[in-house]
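**Q** Shown below is the structure under consideration.
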Amino acid sequence: MSSKIVAQSLYINVIFWYIFSMKLKGELGIIEVSSLIQTINQLRKTGKLEILLPNGDKGEIFFDNGELIHAHSPDNFGLEALAEILLFKEGEFNFKENIILPAPSIKMGTERAIIEAISMADEVQEMGETFRKRVEVNFQDSDSKISLTPEELSVLMKVDGKKTVEYILSEVRMDKIKLLKIIDQLLKKGIITLRKE
């Protein structure tokens with residue numbers, strides 16, 4: 001093992017020791033949310049990791065004996081919320097013990113939950129530009145036999161050629177990931193197009 005790797009490992013252990021000796025409280029930016037989750041898992045802690053964003057929004061991740069069991073964010077809960085929280089890059093975090101735990105919404109191991117949430121977060125980041133695009137109807141007479149789900153129809157009814165995906169999100173009141181999946185389905189069916197503003 002090279003001395004550089006040993007030094008980095010020692011540095012990380014010192015940071016984790018410092019954070020946990022201070023009751024796991026601090027600022028994001030020094031440490032990532034995924035590292036906090038892994039540390040809580042390794043230490044088999046029970047409680048809630050609360051992250052307060054500068055804009056006042058917050059995300060919470062709940063642990064039972066180190067296992068991640070529930071998460072909720074401003075727009076989501078469960079795995080979708082975990083994906084959103086993993087994207088938090090700044091804010092204050094605080095781990096609270098001696099709390100009443102909610103019913104589990106994440107029913108898989110912590111490591112698998114992190115991997116799946118990171119994959120979802122990457123997908124959301126790639127689609128981030130989508131929120132700034134205008135949605136236009138691209139419906140043709142020959143498309144009259146296309147079937148739509150009630151959710152697809154509710155989104156399509158909000159499309160006027162001027163509204164962005166982000167604006168439609170505020171009108172339909174569904175989580176971002178769900179709306180992006182519906183937009184993707186409508187694009188695949190050829191019913192809508194997206195245009196840069």
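**Q** Residue pairs, Cβ under 8 Å, 6 or more apart or interchain, first in segment 82-94 and not assigned by TED's automatic domain parsing to the domain that holds Ile51, second basic (Lys, Arg). List them.
**A** Short answer, once both residue conditions are applied: none.
**Q** State all residues of segment 46-63 that are over 18 Å from Asn76 (Cα atoms) and out of contact with any strand residue (DSSP E or B) (no Cβ under 6 Å at 6 or more places or on another chain); if no residue qualifies, say none.
**A** If the condition is that a residue be over 18 Å from Asn76 (Cα atoms) and out of contact with any strand residue (DSSP E or B) (no Cβ under 6 Å at 6 or more places or on another chain), then Pro54 is the only one that fits.
**Q** Now a separate question. Got at least one residue in segment 163-183 being more than 23 Å from the chain's Cα centre (by Cα) and outside the structural domain of Phe77 (by TED's automatic domain parsing)?
**A** Looking through segment 163-183, at least one residue is more than 23 Å from the chain's Cα centre (by Cα) and outside the structural domain of Phe77 (by TED's automatic domain parsing).
This table checks each residue for (1) at pLDDT 80 or above; (2) in contact with a helix residue (DSSP H, G or I) (Cβ under 7 Å, 6 or more places away or on another chain); (3) not aromatic (Phe, Trp, Tyr).
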site	(1), (2), (3)
Ser144	no, no, yes
Lys158	yes, yes, yes
Lys162	yes, no, yes
Met174	no, no, yes
Ile177	no, yes, yes
Ile183	yes, yes, yes
Thr193	yes, no, yes
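**Q** Right, next: Just give me the residues in segment 149-197 being assigned to a strand (DSSP E or B) and either without any contact (Cβ under 8 Å) to a residue 60 or more places away in the chain or polar (S, T, N, Q) (or both), in sequence order.
**A** Answer for segment 149-197, where residues must be assigned to a strand (DSSP E or B) and either without any contact (Cβ under 8 Å) to a residue 60 or more places away in the chain or polar (S, T, N, Q) (or both): Thr164, Ile192, Thr193.
**Q** Looking at segment 20-44 only, could you name the residues that are of a type in the set (Lys, Arg) and more than 13 Å from Asn94 (Cα to Cα)?
**A** Of everything in segment 20-44, just one residue is of a type in the set (Lys, Arg) and more than 13 Å from Asn94 (Cα to Cα), namely Arg44.
The values are calculated or read from the model by the stated rules, or taken from the named source; none is laboratory data. This one's a predicted model, so the numbers in the text were calculated from it and none came from an experiment. Here Cβ is always computed from backbone atoms with ideal geometry, including for glycine, and neighbour counts include all displayed protein chains.
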